[in-house]
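The values are calculated or read from the model by the stated rules, or taken from the named source; none is laboratory data. Note that the structure is predicted; figures quoted are calculated from it, not measured. Backbone-built Cβ (ideal geometry, glycine too); neighbour counts: all protein chains shown. SASA here: full protein model, heavy atoms, side chains in, ligands and nucleic acids out. Shrake-Rupley method; radii C 1.70, N 1.55, O 1.52, S 1.80 Å.
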Amino acid sequence: MHLFPKVLILGIKKDAFQTHVGSVDSLHNKAREKCDFLLREKQAINVVLRWQTEAEDHKYKDRLRVSIIVVRLLLKTGLPFRGHDESVNSGNRGLYIEVLKAIRETNEDIFNNTLENAPKNNQLISPKIQKELVQYFAQEVLLSIRQEIGVDVFALLVDESSDVSRKEQMAIVLRCVDSLGFVKERFIGIVHIRGQSYDGASNMRGEFNGLKALILQENDTTFYINCFAHQLKLVVVAVAVAKKHDSVSDFFEQISLVVNIVCASCKRKDLLREQTREWVQKGLCSGELETGRGLNQETTLVRAGDTRWGSHFNTLTSLMKLFADVLVVLEFVKVDGGSLVNRQQASEILAYFKSYEFVFYLYMMYDILHLTGTLSKQLQKKRSRHFRSNFDG
């Protein structure tokens, strides 16, 4: 009596399930067919998405690999990256893009995956991307330098200079001795300076608040060694010459004024060049000058630099060599100068040139700068640096 009701119930459920399945075009069969498609591995959504992601990732790595090759080449050769006009229609889009264009011509896969064939937001050619790649190279170089030094001792060389825009910059160099006993210097970078001084002043060597004191607080085994060549510059030019003696300071101001007047226009430069050429021809004809390779080269007045004090000696040398020709140019400016100020300046300089004071300081400063220049070069040699390091610590 209990078996019959169970069979009847099963029969009713089986019929209901077949009704639910329905015909071939029923919703159940269509859903089952789509489920079968999803269960197939090669047609699964996650598999397709993974394949697409891997393909894009492979293309990105190919673009990045080519960009790294270009950056390595430009950094090794010291060439600029950017161009004046980097638009698509430009004939020269800068070395970074132009070298990339040259590389892609050698490989079809690279050609189809770079520049205009790459996604616009993933071409790896923007200035920001270029700077990031350069920074990554810099980090690798710094890591290599750190590994080279290891736990050995090293010296920190700091020097300050100004670029053409009058922006103060501090160059940092690490100096160490390798395992073979050779002294090596590794350039670390350039840092913009803001209100600091590193030329031996109190801001640097101060016992309490100077940079030396701050460094000693972190590492008491460090040594402070002021550059001997820079000390010589301070003594000869900045302190003993330019600031402590008014007549010498006036002498260099007059020399600077001569260079400005003579080299102020192309016409005056041509006149100076023509006078020098005539003087060389007369010397060769009279036998006073010899002919030969490297002799009698064309020269002009050398302008003294603000940061390299040795250039003052070059200025005096060129003036003494071209003195007669400079007088001709000054006489020309005195008569036919473009303005009243120039004519007055030329007249005053000519009068100063005839004074005993000018001749005395000219030969005295020439001898002093010649001797100190030779000494400065010796102090900057590697052998002298090695001696200073052993002597100071």
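Mind giving me the FRET efficiency for Ser265 and Thr106? R0 is 51 Å, r the Cβ-Cβ distance, nearest 0.05 is fine. The pair Ser265/Thr106 has a calculated efficiency of 0.50. For the range 41-162, dividing the convex hull volume of the Cα atoms by the residue count gives 184 Å³ per residue. Of Lys59/Lys128; Lys101/Lys128; Lys76/Lys101; Lys267/Lys321; Lys131/Lys184, which pairs sit farther than 22 Å apart, going by alpha carbon to alpha carbon? From the list (Lys59/Lys128; Lys101/Lys128; Lys76/Lys101; Lys267/Lys321; Lys131/Lys184), the Cα-Cα distance tops 22 Å for Lys131/Lys184.
When peptides 76-89, 336-349 are sorted by average Cβ neighbour count within 10 Å, with the highest value leading, the order is 336-349, 76-89. Placing a pseudo-label 7 Å from each Cα along the Cα-to-Cβ vector at Cys35 and Ile215 gives an inter-label distance of 7.6 nm.
Would you mind getting me the FRET efficiency between Ser347 and Ser90? Use the beta-carbon distance for r and R0 = 56 Å, nearest 0.05. The calculated FRET efficiency here is 0.60.
Summarise the accessible area of the range 313-380 (1.4 Å probe, protein heavy atoms) by the percent that is carbon and sulfur.
Carbon-and-sulfur percentage of accessible area, whole number: 62.
What the range 101-159 shows is 74 Å² of accessible area per residue, with the surface traced by a 1.4 Å probe over protein heavy atoms.
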